[in-house]
Amino acid sequence: MAQETKTKNTKEIIRQPIVTVLGHVDHGKTTLLDTIRHSSVTEREAGKITQAIGASIIPAETINRICGNLLKKLGLTLVIPGLLFIDTPGHAAFSNLRKRGGNLADIAIVVVDINEGFKPQTIEAIEILKNSKTPFIIAANKIDMISGWKTQSPALLENISKQGVSTQELIEKKMYELVGRLYELGFESERFDRVGDYTKQVAIVPVSAKAGDGLPELLMVLAGLTQKYLSNNLKCDVSKSAKGSILEVKEELGLGKTVDVIIYEGFIKVNDTIIIGGLETPIVTKVRALLEPAPLSEMRDKKSKFKNVKQVCAATGVKIAAPELDKAIAGMPLCVLGKEDSLEETKQKIQEEIQQVIIETDNEGIIIKADALGSLEALIILLREKKIPIRKAQIGNVTKKDIIEAEANSKPELKVVMGFNVELNSDAQVHLQETSVKKETAVKNLMSKVIYQLIEEYELWKGNEKKRIEKEGLDKLTRGGKFQILPNHTFRQLNPAIVGVEVLSGLIRVNVPLMKPDGIVITKVKSMKSGKDNVSETKRGEQLAVAMDGVTVGRQIHERDILYVSITEEEFRKLKSYKEYLSPDEKEVLNEIAEIMRKSNPVWGV
C-alpha cells in the first residue's frame, strides 16, 4: 500500500498520490479511467489494480509494467507505492476537502478533446484548480480521431513521428491551440517531452483514452511529477488516527446509511470513534464495519459484493457502516478520535473547517445551495471570481426560507437563489409562484447540475433585468421631443386650442409641459388624437391633432411654430444616464433643449 521511510515513535510512509480526473462532458474522462483500469489487469496478474470505494489504486509494479522502458530512460525509480484515482465525478473530489492546508487531490488530470479544444467546463475546472493551487496536467484526448492518424508503435513519440506530414502538422496545430488557451488562463504549457521546467509549465500529453495511445506516457508524467515535486505532501504517519473526506452517502441493503470515504492520513479500524462534520453539529459515532469491494468489482454496481476488513490505512477508499449517519453529507471531513484527543476540541476543529465554507452574513448577496461541501466551495470560488456577492451558502435543497432571505436584498439583481445539483422544495415552489407577479420583490430561482451554466444564466438574467429596470425608470421620466404646428390645421383657437402638428423628433406624451424656443413654458399637452383615436404618446414623423390649455392660436402660438417638451434639469441628467436606450433623434433634441436652457444658465444639466 505504501513505502515505509522511517520508524521511531511514528510510522511515516510515502503514500499513493491522490489523482482526480476533470474535464468537459463527453471529452473522455470516464473512458480514460476505464482504459487505465483495464490496461492494468493482465490475466489477473499479481500487479493488478485494486478497486476501493470510489477509488482505483494502481500499484507501482503495474505502473512499471505499463510504462515499460520509459521510466528507465528517465532514470526514474518509483518510490511512490502507486497512484490512487478518485472515481467520483464532480467538484466534490477536489474542492474544500482539506488536508494540511491543501486539497484532497494531490494532482489532477484535465481531459480535453484535442479536436474540440477548451469548452466551458474545461475552463471551469482549470479555474478551480488554479484557485485551490492544485497542480495538473492536460490529457489531450482523441488523437486517434485526428485525420490520418494510425497507431503504428506502442511508444507515443515514435508513433507521432511515423504519421503522415499533414497529420503531424495537424497535431502540432491542435497542440498549440491548447498552449494558447492555457496562456490566456495564466499558464505556460508545452508538450510533455518539450517541457523545460515542470514547476513553471503545464505538461500536455496527447492520448487516446479509447485506443490506449499515450497512456504509458501519461502515467509516467503523473508518477514522475508527484514523486519529484510532491514528495513532502505524500509523507504520511499511519500510526496516527485517520483523517478523510466523504465522497458519497449511500443506503446499503442490510447496512442502512453508509459513507464512502477517502482516507488520506493515518489508519482507521473497526470500533473506532469517528467524528464527521455536520451542518449544525458534528456527528459522533463508532465504526461498526469497514468494507472493501471484491477485487475488480465496479463500485457503482448495486450487485457488488463487499468483504469486511478490520482496518485500513492511508491512502485508500473504504465504505464505513456506522449508526447515526442519517445526516451525513458528501464533502464533509471525517476523523478518528485518537486515544489522547479531546472529543470537544476535535468537534470544534472539524466544525471550524466547515464554517470556512458555509457562509451566512448580514451583507447583501445571492443565496446559493449545493448538494455537497466540495460542490459548494467550487460554486463559491467561481462566483467570487466573477465578483458576485454571496449572502448565504449552504448544503441542501432550496427552501421557502431561502426565497424569503433572497427577497430581503435591496438590490433587484441580488434577489436570486442559485441551486447546484439540488431540488426546489414544494413550499419554495408555492412561494415563488405567489410572489412572481410582484416584480419589485420577485426572486429569480436558478437550478442546474453544471456550475458554469448557473453562472452564465445568472449573468444573462442580470443583464436583462438591468435593462428592464432601467427601461421602467426611463418610462417614468419626461422625454425630450419637439413638434411643429402645421399651417391651415387650426381646429379650435382656444379653450383648449386644437391644432394639427408634425412630430419632428423625440417623444411627445400627454400632460408634458411645452416651451417655446426661448425656453419659456407656455402650456402642456392636454390630449392627442390620431384620426378618431385618442393616443397617449407619439413619435417622430407622425402627424396628429394636439389639444393645449391656456394658449390661443394667433397670440401665444402660431401656425408653423416649433414647440419643445420642457424637462427639468434633474430629468435631463437622468436621461443622459439612459442614453443607450434613447433613439438618435431623441438624443439630438435633448442637445437642442440643453442649448436653449444654457442661454440663461451656462451650467444647466452639466
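The values are calculated or read from the model by the stated rules, or taken from the named source; none is laboratory data. Worth saying up front: this structure is predicted, and the values here are computed from it rather than measured. Reconstructed Cβ throughout: ideal geometry from the backbone, glycine too, with neighbour counts over all protein chains shown.
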Name the residue, out of Leu129, Leu74, that is in contact with a Phe, Trp or Tyr (Cβ under 8 Å, 6 or more places away or on another chain) and at pLDDT below 85. Leu129
For the stretch 203-210, does any single residue satisfy the condition of being modelled with pLDDT under 95, over 25 Å from the mean Cα position of the chain (by Cα) and surrounded by fewer than 24 Cβ atoms within 10 Å (Cβ to Cβ)? yes
Show the residue pairs that are 6+ apart or on different chains and have beta-carbon atoms under 6 Å apart, the first residue being within the stretch 396-414 and in the same structural domain as His431 (by TED's automatic domain parsing) and assigned to a loop (DSSP other than H, G, I, E, B), the second being hydrophobic (A, V, I, L, M, F, W, C) and surrounded by 17 or more Cβ atoms within 10 Å (Cβ to Cβ). Asn397/Val422; Thr399/Ala428
All strands (runs of 3 or more DSSP E) inside the stretch 533-574 with 2 or more residues being surrounded by 15 or more Cβ atoms within 10 Å (Cβ to Cβ) and at pLDDT 95 or above: 543-548, 562-565
Kindly indicate whether any position in the stretch 183-200 is more than 32 Å from the chain's Cα centre (by Cα), among the acidic types (Asp, Glu) and at pLDDT below 95. yes
Name the single residue that is farthest from Lys310 (Cα to Cα) among those in the stretch 252-289 being within 29 Å of the chain's Cα centre (by Cα) and of a type in the set (Asp, Glu). Glu280
Please give the number of the condition Leu514 fails out of (1) surrounded by 17 or more Cβ atoms within 10 Å (Cβ to Cβ); (2) assigned to a loop (DSSP other than H, G, I, E, B). (2)
Of the conditions (1) on the phi > 0 side of the Ramachandran plot; (2) among the basic types (Lys, Arg); (3) touching a Leu at 6+ places or on another chain (Cβ under 9 Å), Lys369 satisfies every one except a single condition; which number is it? (1)
Search the stretch 129-144 for residues that are farther than 13 Å from Val205 by Cβ and in the same structural domain as Ala108 (by TED's automatic domain parsing) and pair each with any residue that is part of a helix (DSSP H, G or I) and modelled with pLDDT under 95 when their beta-carbon atoms are under 6 Å apart and the residues are at least 6 apart or on different chains. Asn131/Ile381
Could you go through the stretch 382-390 and let me know if any residue there is crowded, with 22+ Cβ neighbours inside 10 Å, among the hydrophobic types (A, V, I, L, M, F, W, C) and under 27 Å from Ile123 (Cα atoms). no
So in the stretch 132-173, with the set limited to residues that are charged (D, E, K, R) and surrounded by fewer than 20 Cβ atoms within 10 Å (Cβ to Cβ), which one is modelled with the lowest pLDDT? Lys133
Residue list for the stretch 105-153, restricted to those being part of a helix (DSSP H, G or I) and under 30 Å from Glu456 (Cα atoms): Pro120, Gln121, Thr122, Ile123, Glu124, Ala125, Ile126, Glu127, Ile128, Leu129, Lys130, Asn131
Restricting the search to the stretch 254-270, which residues are in a strand (DSSP E or B) and of a type outside the set (Ser, Thr, Tyr)? Gly256, Lys257, Val259, Asp260, Val261, Ile262, Ile263, Glu265, Phe267, Ile268, Lys269
Considering only residues that are in contact with a Leu (Cβ under 7 Å, 6 or more places away or on another chain) and farther than 29 Å from Phe267 by Cα, look in the stretch 211-249 and name the one that is surrounded by the fewest Cβ atoms within 10 Å (Cβ to Cβ). Glu217
